[in-house]
Amino acid sequence: MTLICAAELAEDIVHFVAFKRAMGHSYQRSELALKSFQRAVEHRAGLHAKVPFDAVLHEWLSRNPHRQPVSVGLEFGVIRQLCLYRRRRDPASFVPEQDWAPIKASTFLPYIFTQDQIVHLITAASAHDTRHLCAGMLRMLLLILYCTGLRLGEAARLQLSDIDLEQRCFLVRESKGRSRIVPFLDDLAHELNDCLRLRRRILEAIATADPGALLLRNSGQALPVKAASEAIRRLLRREGLKPARGRTGPRPYEFRHAFAVHRLTAWYHEGVDIHARLPWLSAYMGHVDVLGTQVYLRATPELMRLASERFARHWHHVDKTS
């Protein structure tokens, strides 16, 4: 049995977080979870009295019976990493098994835009001026989301200093604990040049200081993530893809899903080795490994047909050579 006190745990957390940040992770949300667990240990036994690690961890994970399994599983994963870090110092130190807080598979099915729907939405965005956001900025936002698969927050937070038009790439800073370079093609570069001219006109019209963000509101301020999300939702409702009220229907995040599924479909058409290319897609989208990309690769009728045809060709070849 491993015993732990709050004071010892606090010291371990400091060293563990420093180790993670030295590896390039921001670890801000995870640090909050670790400190919450530390407070639970201190609340139970004070600062220096020792308690069984496994017992207090089980109590902390089950402190709210109404929390979603995914939320519990994410917190458990952070504590388990801490335990593995502690085991480097003490091989007998307690490490909980993975099945303590399993993350249940999500039953949510994303809405996968067709390519025709993407074209329609970008065309509609090009004429969708609003009080706070001009059509050109909304168009640019959708193009970035679909052409690069960036997360909505990553796209909205892009700064001018993050854009290299000569090398055709974005620098996505500190997203999900890491930074990455995201290349793009010439057609998006041309659109970005148009956007840069538009943002200059916005700033000149209101004579305000440049906030440095790529995407601006009509006021000249940087476009917040929440406002970007709401602008896309209004567009989806206006174009009849989302009900006038409620949370049903496609979300702004579906552009990232569409990017991944359309890229996979294109690879099938090109006849490339999908398994060899998946790590490329995973790295491009900012995932730690291929498992993080699987959620985006939902089957569409076209994907199922292409996979079936490829399997049939492979089986026919095997049958002829046997």
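The values are calculated or read from the model by the stated rules, or taken from the named source; none is laboratory data. Please read these numbers as outputs of a predicted model, since none were measured by experiment. Glycine also receives a Cβ, built like all others from the backbone with ideal geometry; neighbour counts cover every protein chain displayed.
Below is a table of values for the structure above.
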{"item": "All positions within the stretch 23-32 that are surrounded by 15 or more Cβ atoms within 10 Å (Cβ to Cβ) and in contact (Cβ under 8 Å) with a residue 40 or more places away in the chain", "result": "HIS25, SER26, TYR27, SER30"}
{"item": "Matching residues in the stretch 107-151 - criterion: being of a type in the set (A, V, I, L, M, F, W, C), over 11 Å from PHE255 (Cα atoms) and either touching a Gly at 6+ places or on another chain (Cβ under 9 Å) or in a helix (DSSP H, G or I) (or both)", "result": "VAL119, ILE122, ALA124, ALA125, ALA135, MET137, LEU138, MET140"}
{"item": "Where THR208 falls short, out of the listed (1) modelled with pLDDT of 95 or more; (2) surrounded by fewer than 14 Cβ atoms within 10 Å (Cβ to Cβ); (3) farther than 19 Å from ILE118 by Cβ", "result": "(1)"}
{"item": "Meets criteria (out of contact with any strand residue (DSSP E or B) (no Cβ under 9 Å at 6 or more places or on another chain), among the aliphatic types (A, V, I, L, M) and outside any helix (DSSP H, G or I)) for ALA40", "result": "no"}
{"item": "Members of the stretch 201-230 that are more than 16 Å from LEU160 (Cβ to Cβ) and hydroxyl-bearing (Ser, Thr, Tyr)", "result": "SER219, SER229"}
{"item": "Test result for PHE94, in contact with a Phe, Trp or Tyr (Cβ under 9 Å, 6 or more places away or on another chain), under 15 Å from LEU236 (Cα atoms) and modelled with pLDDT under 95", "result": "no"}
{"item": "Conditions (1) in a helix (DSSP H, G or I); (2) surrounded by fewer than 16 Cβ atoms within 10 Å (Cβ to Cβ): number failed by LYS20", "result": "(2)"}
{"item": "So VAL70, is it assigned by TED's automatic domain parsing to the domain that holds ARG173, surrounded by fewer than 21 Cβ atoms within 10 Å (Cβ to Cβ) and not in a loop (DSSP other than H, G, I, E, B)", "result": "no"}
{"item": "Index of the failed condition, ALA92 passing every other in (1) in a helix (DSSP H, G or I); (2) over 25 Å from THR248 (Cα atoms)", "result": "(1)"}
{"item": "Unique residue being of a type outside the set (Phe, Trp, Tyr), outside the structural domain of VAL261 (by TED's automatic domain parsing) and within 24 Å of HIS262 (Cβ to Cβ) when the list is LEU165, LEU188", "result": "LEU188"}
{"item": "Flag if CYS169 is in contact (Cβ under 8 Å) with a residue 12 or more places away in the chain, surrounded by fewer than 19 Cβ atoms within 10 Å (Cβ to Cβ) and touching a Pro at 6+ places or on another chain (Cβ under 8 Å)", "result": "yes"}
{"item": "Tally of residues being touching a residue at least 24 places away in the same chain (Cβ under 8 Å), surrounded by fewer than 19 Cβ atoms within 10 Å (Cβ to Cβ) and over 19 Å from the mean Cα position of the chain (by Cα) across the stretch 223-238", "result": "2"}
{"item": "Residues located in the stretch 141-155, provided they are out of contact with any strand residue (DSSP E or B) (no Cβ under 6 Å at 6 or more places or on another chain), farther than 8 Å from MET285 by Cα and of a type outside the set (Lys, Arg)", "result": "LEU141, LEU142, LEU143, ILE144, LEU145, TYR146, CYS147, LEU152, GLY153, ALA155"}
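Every residue, every condition in (1) of a type in the set (Ser, Thr, Tyr); (2) outside any loop (DSSP other than H, G, I, E, B); (3) modelled with pLDDT under 90, yes or no:
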{"site": "ARG233", "(1), (2), (3)": "no, yes, no"}
{"site": "LYS242", "(1), (2), (3)": "no, no, no"}
{"site": "THR248", "(1), (2), (3)": "yes, no, yes"}
{"site": "PHE259", "(1), (2), (3)": "no, yes, no"}
{"site": "THR265", "(1), (2), (3)": "yes, yes, yes"}
{"site": "VAL272", "(1), (2), (3)": "no, no, yes"}
